[in-house]
Amino acid sequence: METPLIMTGKSASTRLPLASLGKLTLIALVGLALCLTYLQAAIIGALIPPLAVFAVVSLLLAGIVGIGWRWAPAIGALWSVFIIVGNSEAIAYNFAHPNNTHQFNFTVVTLAVAVVGVVAGVSAAVQNYRGAERSTPRLLPFTLTALVALCLGAILVAAIPQGGASAGISAEALSGMPALAVAGSTFDQQEIHAKVGETIALRLDNRDSEAHSFEIDELNVHAPMPAGQSALALFKPSKPGTYTFYCGIPAHRTLMVGKLIIVP
């Protein structure tokens, strides 16, 4: 008499109550959606369709994780990796320019949330498939506390005033200089003319609620433009030519660009 085979394993579609790591993955995905919403509402000040789609996707994935499928946390981890890799250029720029405090703080928080999503998602999926008791890792509270402390420390350090390009220049002297203004994330001039050997002192007026920068790579000019403030770019070109100036924030470079024309 044949004995029927009994399948004791759980299929990939098995739904399980969320353990602590699964809940943390869900919270991280919701956090990413909130970060992307904040980016549009408070920093950019406009609805950006791709970012809005990413926010919605984050919420949908959070809902899928909440259903309890064993594989779902891994999808949350992959999405968190996508957010990090897809914004790696902007992340690197913002970390290199902590004086742009709004963008820096946003980047610190968003990166921390995404890292939590990656680690928690992978760990939750492993727990789900191992079939053992899905207990809360003993070091989890300590790790989360350390991560929060690290983020707060970075934000506080970035908030310390730094001497900018206009340090030591009086407001009266700065106001009398030729100006290049930014409003609506565009430069008000696309061409600037000067002569070889002439010291160029250019007032950089940022009328936006987000930081920008003034960059001329060939002349080694890199001047931050804090939100709502005026800064100074001071340099002396030594040879004639046409040089490109632009905003160094990756998402702005295609729109915020112009030419510096140096004549003999």
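Any residue that is in contact with a strand residue (DSSP E or B) (Cβ under 9 Å, 6 or more places away or on another chain) and more than 17 Å from ILE27 (Cα to Cα) - is there at least one of those in region 117-136? Yes: region 117-136 contains one or more residues that are in contact with a strand residue (DSSP E or B) (Cβ under 9 Å, 6 or more places away or on another chain) and more than 17 Å from ILE27 (Cα to Cα). If I ask for residues that are farther than 15 Å from ILE200 by Cα and in a loop (DSSP other than H, G, I, E, B), which ones from region 219-261 would you list? The answer is PRO226, ALA227, GLY228, GLN229, CYS247, GLY248, ILE249, ARG253, THR254, LEU255, MET256.
Residues are listed down the side, and each one gets a yes or a no for (1) within 23 Å of ALA183 (Cα to Cα); (2) buried (at least 20 other Cβ atoms within 10 Å of the Cβ):
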{"site": "THR25", "(1), (2)": "no, yes"}
{"site": "ALA28", "(1), (2)": "no, yes"}
{"site": "GLY45", "(1), (2)": "yes, no"}
{"site": "ALA62", "(1), (2)": "no, yes"}
{"site": "TRP71", "(1), (2)": "no, no"}
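When you check TRP79 against the structure, is it touching a residue at least 40 places away in the same chain (Cβ under 8 Å) and buried (at least 19 other Cβ atoms within 10 Å of the Cβ), yes or no? Answer is yes for this residue. Close Cβ contacts (under 7 Å, 6 or more residues apart or on different chains) running from residues in region 171-185 that are on the phi < 0 side of the Ramachandran plot to residues that are open to solvent by less than 40 Å² (accessible area, probe 1.4 Å) and at pLDDT below 75 comprise LEU174/SER166.
Only one of the numbered conditions (1) free of Cβ contacts under 8 Å to residues at least 24 places away in the same chain; (2) loosely packed, with under 11 Cβ neighbours inside 10 Å is violated by THR143, and that is (2). Of the residues making up region 84-110, just one is surrounded by fewer than 22 Cβ atoms within 10 Å (Cβ to Cβ), under 30 Å from PRO17 (Cα atoms) and touching a helix residue (DSSP H, G or I) at 6+ places or on another chain (Cβ under 6 Å), namely ILE84. Of everything listed in (1) assigned to a loop (DSSP other than H, G, I, E, B); (2) under 30 Å from TYR38 (Cα atoms); (3) not aliphatic (A, V, I, L, M), the single unmet condition for GLY197 is (2).
Each residue in region 1-40 was checked for being under 19 Å from PRO73 (Cα atoms), modelled with pLDDT under 90 and in contact with a Phe, Trp or Tyr (Cβ under 9 Å, 6 or more places away or on another chain), and 6 pass.
For region 124-138, the set of residues classified as within 13 Å of LEU18 (Cβ to Cβ), in a helix (DSSP H, G or I) and either in contact (Cβ under 8 Å) with a residue 60 or more places away in the chain or charged (D, E, K, R) (or both) consists of ALA124, GLN127, ASN128, listed by residue number. Specify the residue that is modelled with the highest pLDDT; the eligible residues are those in region 213-256 that are among the polar types (S, T, N, Q) and under 16 Å from GLN103 (Cβ atoms). Among those that are among the polar types (S, T, N, Q) and under 16 Å from GLN103 (Cβ atoms), it is SER213.
The values are calculated or read from the model by the stated rules, or taken from the named source; none is laboratory data. Being a predicted model, the structure only gives us computed values, none of them experimental. In this analysis, Cβ positions are derived from the backbone assuming ideal geometry, glycine residues included, and neighbour counts consider all displayed protein chains. Surface accessibility is based on the protein's heavy atoms, side chains included, excluding ligands, DNA and RNA. Shrake-Rupley method; radii C 1.70, N 1.55, O 1.52, S 1.80 Å.
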